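Heads up, the thing below is written out as structure tokens.
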Ligand SMILES: Cc1cc2nc3c(=O)[nH]c(=O)nc-3n(C[C@H](O)[C@H](O)[C@H](O)COP(=O)(O)OP(=O)(O)OC[C@H]3O[C@@H](n4cnc5c(N)ncnc54)[C@H](O)[C@@H]3O)c2cc1C
Ligand SMILES: Nc1ncnc2c1ncn2[C@@H]1O[C@H](COP(=O)(O)O)[C@@H](O)[C@H]1O
């Protein structure tokens, strides 16, 4: 059996869990086994939404772990729960989505079992004919490089890279939700030490990962003040300003604006990248953009070469001219 | 407070990452090396905590002899002690790395007591296994939370913030503890002239330790298939603005 660990937030299943189930369906088929799902939480973690979504995405059975200590996320308590479920159910492999939580829970379980754990796979080939060697391709350098690897193990602990697959329900939809079965765990009260203690909600609004337009600025912007015209253009288009690491390193913008390997992955309708050379570590954060318009004085810049459209010139002149042109057209009766 | 930060030496590639002919490593022939960005912030955070509490910062790396360069850089921005677990330079799998780092920390702590706080990066920049910190912390019996973008030490307690969609969650642990930090937690300082001079004098403790290898083996590195784009050049300078706005209009944004 392939066991998929469902990432949920206090009973609400998010996109990463749907991706893991979608990826897991293909893997279970290659393994020639059923796919089952696991919901860890407190007070009926298999909410109606969790049960329905796991069934819709192909889970044949849903296991639940229900313990007071698990009323909110806690990496150690989740990892310890997963270990006990693995010991009880003896799955052939365990898969989660390679989100922040997914990778952390699998690492916690792997540490406790002293088993290997392979994070952020894009393709997995199970051993031919039971036990033996797994082969996989996994993400290195945030996606700038891929690694082919092998894994020799009993039960494989794996995550699939975030957004490696787009989530999709099975067709036709299953007629009934999956059968649910509780698995008992014993947790040391000390594990409460890493359970979320408090949450702070900041103002909502267009966030960088979901903005429909991102106006990016790099070293070419030259200063913190230099971003004013980019802010203006972003506002005109209902978008957000993003930036490169050169910019955050200079303290011109907060790190929450950084796009790339160690920043945010964006997926706007259009990314207007100005004064950014397009280094690979920036590119992996920007490559999810549907369209790219580069503005750069250097026609050979990587960003220009990889863009759909480019304007060659000084961003300090080009960006205000674009804003002015948008205003002119909008004001036209 | 005594703070330990684990850092990894990684190549600093430019527009593209090239792979050696045998496919086993990044071709670093024309590249400089750096510390993984998350860990560079870990060093800065450790130094800030030590400055506030009158404490001491130790940096630990596992890698080739050249990784001393990353320890010296850390010293140039305020770290006090450097420890190198030397390898032949080949990539070690996550379990082997974690076992050796655990043994190194145990031997350091046997001499001078437990570190109050151990900082890791959320993930290493190159291999990105997302696990070495968790394995080491578990082996040492310390709590650990990853993805941390804010740390506040309050007597015997550490409060840590992790970003979530539209806000953050707060964790609270008794010391000694471990945390996996992310870039953005602070803005690392640049070395001063005095720092650079001090770093030259840093005494580096070298440990030779091996550890049993794990069960994950690297076969080959390769670049993902590249997106090829026929870039349409809309024009030069501000005169190209109408053409750029035509594009935005086509996308329904104007
Ligand atoms: C492990 C690792 C992780 C990293 N993670 C990230 C990350 O998450 N995000 C990230 O962005 N980087 C990251 N980097 C850094 C990355 O390698 C580059 O150094 C960085 O992206 C460069 O930023 P830049 O394009 O703004 O600057 P530069 O490379 O200096 O490019 C500036 C560009 O601006 C153009 N320009 C200059 N003046 C003007 C003007 N007046 N008008 C128009 N164009 C102009 C130039 O032609 C040039 O193309 C990482 C690096 C490492 C080693
Ligand atoms: N060779 C190493 N030397 C020192 N620390 C390391 C090494 N490899 C990994 N680490 C630490 O463990 C963290 C997670 O690494 P990884 O599991 O490779 O993503 C890194 O951010 C470092 O803090």
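Just so it is clear, none of the values below were taken in a lab; they were calculated from the coordinates. Quantities reported herein were computed from a predicted structural model and do not represent experimental measurements. Glycine also receives a Cβ, built like all others from the backbone with ideal geometry; neighbour counts cover every protein chain displayed.
Miscellaneous remarks
- In this entry, chain B is assigned a mean projected area of 18.7 nm², taken as a quarter of its C-alpha convex hull surface.
- Radius, Kirkwood style, for the protein assembly as shown when every pair of distinct Cα atoms is counted (Å): 25.0
- Residue mean of other protein chain beta carbons inside 10 Å, B:195-205: 0
- Structure remark: mean-square fluctuation, Gaussian network model of chain B, C-alpha springs under 10 Å; the largest value among B:33, B:115, B:168 belongs to B:168.
- Inter-part distance where region A:213-275 and region A:278-294 are each reduced to a Cα centre, Å: 12
- Between the beta carbons of residue B:27 and residue B:254, assuming R0 = 60 Å, the FRET efficiency works out to 0.85 to the nearest 0.05.
- Candidates B:241, B:68, B:28, ranked by Gaussian network fluctuation over chain B, Cα under 10 Å, top entry: B:241
- Treating r as the C-beta distance of residue A:34 and residue A:128 and R0 as 25 Å, the FRET efficiency rounds to 0.85.
- Packing-based exposure ordering (other Cβ within 10 Å, fewest first) of A:282, A:36: A:36, A:282
- Cβ-derived FRET efficiency at R0 35 Å, residue A:184 paired with residue A:72, nearest 0.05: 0.95
- Chain A has equivalent-ellipsoid semi-axes of 43, 21, 19 Å, by the square roots of 5 times the alpha carbon gyration tensor eigenvalues, sorted largest first.
- Cut-off 12 Å, label 7 Å out along Cα→Cβ of residue A:199, residues of region B:155-179 by amide N: B:164-170
- Simple spin-label estimate for residue A:44 and residue A:324 in nanometres, 7 Å along Cα-Cβ: 6.3
- Cα gyration tensor shape of region A:213-331, rounded if a/c is under 1.5, else prolate or oblate by comparing a/b with b/c: rounded
- Going from the fewest other Cβ atoms within 10 Å to the most, the residues B:47, A:305 appear in the order A:305, B:47.
- For A:146-159, mean number of other protein chain Cβ atoms within 10 Å: 4
- Extension gain from residue A:316 to residue A:152, taking 0.36 nm per residue of separation minus the Cα-Cα distance: 53.5 nm
- Overall form of region B:119-198 per C-alpha gyration tensor (a/c, 1.5; a/b vs b/c): rounded
- Within region A:80-227, percent of DSSP bridges classed antiparallel, to nearest 5: 55
- Which of B:210, A:66 has the fewest Cβ neighbours within 10 Å, and the rest in rising order: B:210, A:66
- 27 Å tail of the calculated P(r), region A:63-212, as % of Cα pairs: 36
- Ratio of the Cα radius of gyration of region A:186-270 to 2.2 N^0.38 Å, where N counts its residues: 1.45
- Reported to the nearest whole Å, the Cα centre-to-centre distance from region B:236-252 to region A:1-64 is 46.
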